[in-house]
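What follows is calculated from the coordinates using simple rules that are stated; it is not laboratory data. Predicted, not measured: the structure shown is a model, and the values here were computed from it. As a convention, Cβ positions derive from the backbone with ideal geometry for all residues, glycine included, and neighbour counts pool all protein chains shown.
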Amino acid sequence: MSEPVQGAEPAGRLVAVANQKGGVGKTTTAVNLGAALAEAKRRVLLVDIDPQGNATTHLGLGQAQRRVSFYDVLLQRTDARSAVQATAIAGLDVLPSVVDLSAAEVELARDPERNQRLARVLEPLRAGYDLILVDCPPSLGLLTVNALAAADGVLIPLQCEFFALEGLSMIVRTVDRVRRMNNSKLRIEGIVLTMYDRRNNLSDQVAADVRSFMGARVFETVIPRNVRISEAPSHGQPVQLYDVQCAGAIAYAHLAREYLARLGGPDRRRAA
Ligand SMILES: Nc1ncnc2c1ncn2[C@@H]1O[C@H](COP(=O)(O)OP(=O)(O)OP(=O)(O)O)[C@@H](O)[C@H]1O
Ligand SMILES: [Mg+2]
């Protein structure tokens, strides 16, 4: 973990990257935005709560580096700090996932406070980071609800395709419900349009529809469909390490700047 900047208040902002729809760019956004925020000198932790473990793989962690995972943390078998691993990007740490996490839903079923588990177990980590990004699975089950119940904000990646709006209203309703029942501070911090293809009229139409429905909550920055983005995970690298000059890396760097400007507040750049 990197040292906090002297004199700066640590923010420990917890942000869920969520959409119940599969394959819309949640993991890609959590990893590459996380890396871009770290390159903008923020202390960033990515928590992989998807049993698929795609973010963990994308960040280059092999099986040996997942022996202690978010699963152990959630079941309170270990403390969160000892499960955190550094990545190849300075300032970006990861709390890895394992496939066993898929059993968590059943294992926690009898706990009356099961929706608050994630908030409780990650609390000790907050002071060590400016931003904690939580990569959610493609469902609105217990794991995603835990992330929403703990979060200050939600980022919703949305693929520029025909059914995008349908999926959007479902996640917006869920966020509203969690805000009412568990977490009054929760707000949608932004909608990220992903896999945008400028040669495709449908991409433009979807982007326009989402903007008219959600207004200023949609980021100006749009993530293009970019082959380097889709190649980077198999090399175990964020796109910034894989090909810093590609359109995808540039777009995520823009998104990081836009997001930080949107958050406002003091400059929390870490010392190194
Ligand atoms: N901008 C992009 N350009 C090209 N390919 C992309 C882009 N964004 C994501 N992809 C690819 O699309 C696929 C789905 O992306 P990703 O895994 O990020 O979605 P997800 O929402 O996390 O999926 P799941 O719901 O399964 O967790 C991946 O193969 C990824 O590499
Ligand atoms: Mg994913």
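Quick one: grab the alpha carbon gyration tensor of the range 184-272, order the square roots of its eigenvalues as a ≥ b ≥ c, and give me rounded if a/c is under 1.5, else prolate or oblate depending on whether a/b is larger than b/c.
Working: a/c = 2.23, a/b = 1.01, b/c = 2.21.
It comes out oblate by the Cα gyration axes.
Can you bin the range 137-231 into rounded, prolate or oblate? Criterion: square roots of the alpha carbon gyration tensor eigenvalues sorted a ≥ b ≥ c, rounded for a/c under 1.5, prolate for a/b above b/c, oblate for the rest.
prolate
Provide the gained length on full extension for the span Glu113 to Ser234, in nm with one decimal, where the gain is 0.36 nm per separating residue minus the Cα-Cα distance.
Between Glu113 and Ser234, full extension yields an extra 39.8 nm.
Percent relative contact order of the range 13-263, based on C-alpha pairs within less than 8 angstrom and at least six residues apart?
It rounds to 27 percent for the range 13-263.
Could you work out the relative contact order of the range 115-198, using alpha carbon pairs under 8 angstrom and six or more residues apart, expressed as a whole percent?
Values: 85 pairs, mean separation 28.0, N = 84.
It rounds to 33 percent for the range 115-198.
Do the sum for the chain: with -39,500 (n - 2.57) for every DSSP H run of n ≥ 4, divided by all residues, what is the mean residue ellipticity at 222 nm, to the nearest 500 deg cm²/dmol?
Computed ellipticity for the chain at 222 nm equals -10500 deg cm²/dmol.
Which whole-number percent is the relative contact order of the range 12-63 (Cα, under 8 Å, 6+ apart)?
Dividing the mean separation by the residue count of the range 12-63 yields 28 percent.
For the chain, what class follows from the C-alpha gyration tensor (a ≥ b ≥ c being the square roots of its eigenvalues): rounded when a/c is under 1.5, otherwise prolate if a/b is larger than b/c, else oblate?
Details: a/c = 1.39, a/b = 1.17, b/c = 1.19.
Rounded, because the longest to shortest axis ratio a/c is under 1.5.
When the label point is put 7 Å from the Cα of Gln65 along its Cα-to-beta-carbon vector, which residues of the range 94-137 have a backbone N closer than 11 Å?
94-96
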